[in-house]
Every structure is written in structure tokens, then in C-alpha cells.
Amino acid sequence: MNNKQILKRKLENYLLRPMLASLLLVVMCIVLFFVDKKCGFIACGATFVTLLAEFIIYFVSKASIMPTLMRFALEQGQIQKELLNQLAIPYALLDTDGKILWGNKQFVDRIGGGSKKRIRKNIGMFFPQLASEIANVREYMDINLEYDGASYHAEVKRITIDEVFDDEDTVVNTKGEALIALYLFDVTELNHYKRENKEQKLVAGLLYIDNYDEVMENTEEVRHALVEALVDRRINMYLGSIDAIVKKMEKDKYLFVFRQKFLPQLKDTKFAILDEVKSINVGNEIPITLSIGVGAETESFMEAYEYARDAMGLALGRGGDQAVVKHGDKILYFGGKSGGTEKTTRVRARVKGQAFTELLNNKNRVIIMGHKRPDADSFGSAVGVYRLVKSFNKDAHIVINEVTSAISPLISSFKGNSLYGDDMIYNSEQAINSIDGTTLVVVVDVNRPSMTECEDLLALAKSVVVFDHHRQTNETIENATLSYIEPYASSACEMVAEMMQYIDVKVKIRPVEADAMYAGIVIDTDNFVTKTGVRTFEAASYLRRNGADVVRVRKMFRSDMYSFKQLAEGVVNSQIYLDAFALSKVRPENSDAPTVIAAKVANELLDVEGVRASFVVTESGGTAYISARSVDDVNVQVIMEKLGGGGHANIAGAQLAGVSDDEAILKIKELLEELNKAGDI
């Protein structure tokens, strides 16, 4: 029943109520007849006159009241229509196909340019992004739109016609029919002030000279002041171009603040100061590199500074020579093309070694783990930490869930050896069951929680120590008690070997342990060819003095004939892309370590003239594994990070789940093409 019928019935009831009340007079007349007939006749006469008057009044009043009410209703409808037409908000009615049926004056003026004929089209002519969404509107939807230089927040409502015309007597079947009501709220000015407010926020930044000491050591003393002045001038000029306030805190550290409106400019130029400073050459033999950390999108200046410190930590942890911007939960990387400069000082190794021994004094048990599918460096560095812990007479165990061919020659030297108990090697379940409040967990050769042998141990342990040589990514082991990440090191074995030389207790390394650590260095450096520095040879020399046998290690890692043929096949199947990158794939069958073969092929392809980087893919268990190697100035770590991987500037890798080897090669090609066009490689 609609509102009109309800109103009509209420009015009729209102007019009929006096006549219904007169029935009481009739009852009174009947009662009076029994009391006194004369009084009864008088009462009947009076009742008759009353009823007659009421009937006359009813019919006369009804004829005059109804037209008045109808005129009032029409006037009210006209008023509502005019109010809707004059509504200050653009409003329109559409059909479910998006055709504009009606629009008020504001809608006609703004969208139709004042002409009603112009709006008699589909809404997609004015708002293409809205046209595809109209059919999906069920009840309500809001969307941001742009038209003629103005920004609108649109509210779209679906109105079912059945609810509007709820009349049982209607002859029109409206079942399932609907209209779309469109409200447009102009937010152009609001967005302008929001953007202006956002652009005026202060952004904190830190700038460090990565290799200040190394540059000065390799530059004539008379030129020190000149080098420092030129660097200082370049930095101040660059930051002055974005209206930044710069404060030099130390000889190699700067703090700067600028408005957020200039941040896109820095991103677009990819922090050109990184290359500008490297071009300074006034007798310095080593190029100067910078690390920049920027914190933005924060509610307070202190939080922006903390973000900048976090970003700087990432930049340094990734090898320096790059800028890291942290805004909110997002982290962006710029630069990082070079492999960084090797740090010749061992001060950090000594400090970290002493800090580790202090932690050991309060612990009874140490559980050591590397990354999944461990390689020689992961196992060798774990053995080194094992020996270091045993030197303090502490209980130690190494977590290994899968023994692949990459470490089986090494691990066989420990299994069955009377000098080592059966509990030297734990699986994840044993490690979890043995952990308690006095257990220290040491992570080696990895700094990403998801790639560790047993990620659950990190949550269960009260103290966690990280020793790794890979560059850091967004995913880090949080709340580590001690973290020693040295991206300049060739391997985790090199780092552990250095620390052994700087602790208070004399560590007696057994030959089999020295072999394992030496093997880790040899494998990660491809026989001292890749990422090898002065400290690498010194660590190898230390292990050699402690019984490492070069010939014995070489025999351990000789390839069988099948693997050698697979290596040769990988080289034969290679292709040169963009005249500088070698791509190949290997498909070793019945191999528990296909990535080892892929890595060997990648290393071999670097010996081809003109090849700056190589990428070799192997597929195992529905996952494509990519081994990337480079010489020259190509940073394969940056390339692999875009595929979800990581590593070093010259040695990196990635895993693509649910991707075949052919699909992985296509992805690599697309990425190389994109980076080449952008000038990033």
C-alpha cells in the first residue's frame, strides 16, 4: 500500500468517526424508551437531527478537503523537485547501462556545460573509469573521478523501482528494474590543500661517505683538503638545489632536511649525487662513494629521523654506494651499481667477536643454522661457529634438514668421526625440542628469516646472533641481539675465521674443520676469482696454517662425469642477449643439487669475451632457480631483487615458485630490457 492510499484512508476514518460516535445516541434512545416513552421520542428526534447534520457535513467537507489536500501534495512535490534541481551537489539519475536520464542544474552546468542536450549521453562519455563499474553496483559504491581539471568523489547508489512504486494496482511490471543515483562531491580544493600540506612536511635524510678513510689513505696528504672541499661542495650544491638545510656532523657524515615536495625530484634523477661524487678525481686512486638514507611519510620529525636511520642501515648493509628511501611500509632503492670498496680494517671483526664471546658467557647451549639447501659456505661457517662455541666448553649443535651433494663431501668427514658426537647435527624438530631460556641461536650465511633452516627457532629463542655476508633486503631478522653483516666479505667463512683470531680464548681448529671453512671460501669465490680481497687471502692463510689442505678440498668437490656433461650442455645452450648478457638453462635429472650445476655454468659463461653478466636457470620441484654472476660494473643483486631474490653485487640468485625455466628466462629478458632502457645497467 502506497502513501497516497494510507493518507486517503486516514482522512476518511477521521471524517466518519463523529457518525460512529452517534451510534451511542441511538443506544441511549432505546434505553430511554424503556424508562419513559415521551423522553424516548424526544431523544430519537434529537438523534435524527444530529445524524442528518453529520452526514451533510461529511459529504460537503469531503468535497472541499480532498482537492485542497491534492493541491498541497502537488505543491509539496513541486517544491521537492525544485529543491533537488537547485541542490548544490551535482546529482543525476542513470539507467543500469549508464545512460543519463536526468541531471539537476549543478550536474548540467558542470558536466554538460549548461546544456541539457550535452548530458543526454552515456556516463562513460564523461567518466570512462565509471562506465565499467556501473553494471557491478549492487547497493553502494564510491569512486574518485577526474573531469575537466576537477576532482570528484562520486557516490553511486542503486535504487530498485519496486521499492519506489509499491502499488499492487499498478499495471506496469517493474520487477527487477533499477535506477542508478549518482552524487558528485567536488574535492578539487580539498585535494589541493591536502597535497600542499603533504608537500610541506619535512623529510629527514642522512648522507655518509662510505670509504672516507680508504680514499684519504690512498691520496697524497697535500690533496686531502682539496678532496674534502670538493666533496663538501658537491654535496652542498646538490642538496641546495632542493632547498635543503645541511649540517655536517662529522668528517664523513651529513644530516639534511627538506620539504617532501622535492622528494619526487630526487627519485626521478635517481639521486644523481651518487655518480657526481664518484667522478671527483684529484689524485685519489679510489672513487668516492656515498650512502644516503631518507625517511618520509611520517607523523613526526623524530619518526622521520628514525626512518632515515633505518634506511641508512639498509644502505650500508647492502654495500653502500646507494640511496634508500623509507616512507611508510615501502622501501625504495637507488644506485648500488658498484660492488663497494673492501674495508681493510679488522676493527669491526674484533668488536663483533668480543661481543659474541660475552653473549656466550651467559648461555649453556648454542644452536647454529644456515639457509635452506645449505652450501659449502653455510656449512663451513656453521662448523667455524661450532668450534668457537666448543672452545668455551658450551653445548653446540648445527641444524641441517637436507644433506645435498653440495655439502655431502664435507659432512661425511664429521659423521662417524669419533671426535664428534651423533648429536652434532640436529634436524628442525630436535632443535625446537631442545631450546630453552639459556639457548643462543646463531644464524650464518643468511639474514632473511624465510630462508633459514628453521624459522620457528627465531621466535622461540630469547637471543639471536646473525653472521652473514649477503646484502640486506626489506626482510630482516628482527630483534637480533648481535648482528654482524659484512657485504664486503667474500663469504661467511671468511668472517668467522677473522673473528676467531680476535677472541680472548685461543681456538684450536682441527684440520677437518679448517677444510670445511676453506671449502666455503673457495666455492663462494669461485677459486679466489670472484669477490676476493686482501682479507679473503688472509683468512684462507689462517685456515691453511690450521691444517686446511688445498688438494684434499679440491678432491672433495670434483664433478662426476654426468655433472660435467651437464655443465658443458649448459654452456652449449647459452645465448647472448643485448650483446652483453649470457642466458642459459640446465635440466639435470636425478640431481639433489641442480643449483650447484647452474652456478658452475654461470661462472663459466663469464669467461666469454664481451659477457658482463650471466644468468642460468634450472627447474626443480615446480620452482625455477636462477644463478646470476657478473664481472664489470653490473650489479646482479639489484637485478635479482626485482625478481624477489638477492645476494651480492657479483653473485646473486632468485627463486620463482610455479614458474618453468623457459618462463623464467623470458622474465629475465623483459627485466634486462627494462633496466637497459632506464639506464640502470
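When the listed pairs 267/326; 330/667; 270/326; 508/531; 201/326; 270/677 are checked against a 21 Å cut-off, the alpha-carbon distance exceeds it for 330/667; 508/531.
Axis of helix 661-678 versus longest Cα principal axis of the chain: the two differ by about 90°, to the nearest ten degrees. Ordered by the count of other Cβ atoms within 10 Å of each Cβ, fewest first, 199, 641, 228 give 199, 228, 641.
Cβ-to-Cβ counts within 10 Å put 448, 223 in ascending order as 223, 448, the fewest first. Given their separation in residues at 0.36 nm each and the Cα-Cα distance between them, residue 232 and residue 140 gain 27.3 nm when the chain is fully extended.
Counting neighbouring beta carbons within 10 Å and listing from fewest to most, the residues 288, 432 come out as 432, 288.
Each helix, a run of at least 4 DSSP H residues, gives -39500 (n - 2.57); summed and divided by the residues of the chain, these come to -13500 deg cm²/dmol at 222 nm. Given the alternatives [x] -0.62, -0.76, -1.21; [y] -0.35, -0.47, -1.12; [z] -0.55, -0.66, -1.15, log10 I(q)/I(0) by the Debye sum over Cα atoms at q = 0.06, 0.07, 0.11 Å⁻¹ as computed for this entry is given by [z]. Full extension of the chain between residue 255 and residue 412 gives 51.2 nm of extra length, using 0.36 nm per residue less the Cα-Cα distance. Ignoring aspartates and glutamates fewer than eight residues from residue 363 along the same chain, the ones with Cα atoms less than 12 angstrom from its Cα are 395, 436. With each label modelled as a point 7 angstrom along the Cα→C-beta vector, the residue 330-residue 270 pair spans 1.9 nm.
Bear in mind these aren't lab numbers, they're just calculated from the coordinates by the rules spelled out. Predicted model, so just to flag it, every value in this text is computed and none were measured. Note: ideal-geometry Cβ built from the backbone for every residue, glycine included; neighbour counts use all protein chains shown.
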